[in-house]
Each structure stands twice: as structure tokens, then as C-alpha cells.
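Below you'll find the structure, written out as C-alpha cells, and then a few comments.
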Amino acid sequence: MSYDYEKTHEMILKSAMKIFSEAGFRNASIRNICKEAGVTNGAFYAHFESKDALFAALVSEKLAVFNETYQDMSGICIDSADDVMKIFEMSYDSIETLIHYVYSEKEVFMLVLKSSGGTSYENFVQGLIDAECRNTKLFFESCRKFMKKPENISERFIRLGSSMIINAMMDAFKEGVPEEDNITETKKASDFCIAGYRQLLGI
């Protein structure tokens, strides 16, 4: 692969990040991206199949790392009441790790949250809420035998809690709240949900 190819590739990516961020995916044109990068449309298609593929090249790797990190944090075996409490305690570290990663890749996550309408990434936050809801349901099922009040909690109720935590994290980031303040606020949202679940289930 020649140096010119790599240089052109990087110029297109840099231009796309700027144009997508300013105009949004739907309103950004390949022509404007090429103009900003100083390349021809023909050169563009030597690197990317489409505007969608270009957007994916900007965000897919970072989102994959985020999703892998999130999943790694949710796969804990529960064999005792102590394990249940450890998971509650670990939620703090999980929140801090995820928020730190989002802020470390600020440009990419701002692009996804503000400019991804019309792409397969526009429902990123909703996907996180869905994953949090599934993991919370699995958690309740796994620790049912350690509950004093093993009643069923509706999926709608679980979704409310999941939405609170994920939206606290992502809305604060999108609004420019400093990282440490975001961590503090999201942990408070998590505390609120955890206290309610523990009270309802007698954990």
C-alpha cells in the first residue's frame, strides 16, 4: 500500500469527521467531503463503497471496544449472596470505566450521538438501554434464590431504571458536562435504581 494511498485515506476520514459533525450524516454529501479533503469523487470510491461505509470507518472500531468493555463487565457468575453485593459494588467501577472511555474518544461519540441520523448507528443509545435491560433481567434471575422477596419486576419497570442510568451518562456527555461530574451524576442515578431494586427484592 503506497504512502499516497494512506495519506488520501486519512484526508478523507478527517474531512468526513468535520463535515458529518457540522452537517449531520443525512445532509453531508460525498462531493463536499471530497472538496474538503482535496480529492476527486473517483478517489473517494477507491477507498470507500459509500457514505455509509465512510461513516462506519469513523465509528465502528471505537463502538466495538465500548460494547466489548460493557459486555465484559456484565458476565459475572452468582453463587452466593456475597456475589450479589459484589455486583452492586462493581457497578461503580463499570460506570467510571465506560464514561472515561467515552470522553477519551470524544469526537467519535459526539458524532454518533449528534450526527448519526440515517445510519445504522442512530439507535446506539437505545441499543445500550436494551442491553442494560437484558442484563438486569438476567441478574435478577441469577440471584432470585438469594432474594427475600423474589417477586417479578416487569420489563417496563426494569427499562425505566436502565434508561435512567444510560441517559444520565450519555445526555451529560452530549451536553458537555465535565467527565468527573458525569461520573458523579451517573453513579447517583445508579444508586437510586439499586436502592429501589434492593428494597423491592429484599436483597
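Apart from one condition, Ala81 fits all of (1) outside the structural domain of Gly117 (by TED's automatic domain parsing); (2) of a type in the set (Gly, Ala, Ser); (3) modelled with pLDDT under 95; the exception is (1). Taking the stretch 32-74, which residues are closer than 25 Å to Thr97 by Cβ, of a type in the set (S, T, N, Q) and in contact with a helix residue (DSSP H, G or I) (Cβ under 6 Å, 6 or more places away or on another chain)? Scanning the stretch 32-74 gives a single hit, Ser74.
Results for (1) small (Gly, Ala, Ser); (2) more than 16 Å from the chain's Cα centre (by Cα); (3) assigned by TED's automatic domain parsing to the domain that holds Ile87, shown as yes or no for each residue.
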site: Arg156; (1), (2), (3): no, yes, yes
site: Ser162; (1), (2), (3): yes, no, yes
site: Glu175; (1), (2), (3): no, no, yes
site: Gly196; (1), (2), (3): yes, yes, yes
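Taking the stated definitions as given, is Ala53 surrounded by 14 or more Cβ atoms within 10 Å (Cβ to Cβ) and either modelled with pLDDT of 95 or more or assigned by TED's automatic domain parsing to the domain that holds Phe109 (or both)? No.
Please verify whether Thr186 is touching a Gly at 6+ places or on another chain (Cβ under 9 Å), under 22 Å from Ile99 (Cα atoms) and in a helix (DSSP H, G or I), treating the condition exactly as stated. In short, no. Can you say whether Lys35 is over 26 Å from the mean Cα position of the chain (by Cα), charged (D, E, K, R) and farther than 22 Å from Gly127 by Cβ, as far as the supplied structure shows? Answer is yes for this residue.
Restricting attention to the stretch 9-22, the residues being surrounded by fewer than 19 Cβ atoms within 10 Å (Cβ to Cβ) and either touching a residue at least 60 places away in the same chain (Cβ under 8 Å) or farther than 23 Å from Ser120 by Cβ (or both) number 3. For the residues Thr136, Thr69, the requirement of being touching a Gly at 6+ places or on another chain (Cβ under 9 Å), at pLDDT below 90 and closer than 22 Å to Ile165 by Cα singles out Thr136.
Each row is one residue, and each column tells you yes or no for (1) free of Cβ contacts under 8 Å to residues at least 24 places away in the same chain; (2) hydroxyl-bearing (Ser, Thr, Tyr); (3) buried (at least 16 other Cβ atoms within 10 Å of the Cβ).
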residue: Ile95; (1), (2), (3): no, no, yes
residue: Val108; (1), (2), (3): no, no, yes
residue: Gly117; (1), (2), (3): no, no, no
residue: Gln126; (1), (2), (3): yes, no, no
residue: Arg134; (1), (2), (3): yes, no, no
residue: Ser142; (1), (2), (3): no, yes, yes
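Quick one: in the stretch 188-203, which of the residues that are among the small types (Gly, Ala, Ser) and touching a residue at least 40 places away in the same chain (Cβ under 8 Å) is farthest from Met164 (Cα to Cα)? It comes out as Gly202. Filtering Ile99, Ile158 for residues that are under 29 Å from Phe20 (Cβ atoms) and surrounded by 13 or more Cβ atoms within 10 Å (Cβ to Cβ) leaves a single hit, Ile99.
The values are calculated or read from the model by the stated rules, or taken from the named source; none is laboratory data. For clarity, every value in this text was computed on a predicted model and none was experimentally measured. Please note: Cβ atoms are built from the backbone with ideal geometry, for glycine as well, and neighbour counts cover all protein chains shown.
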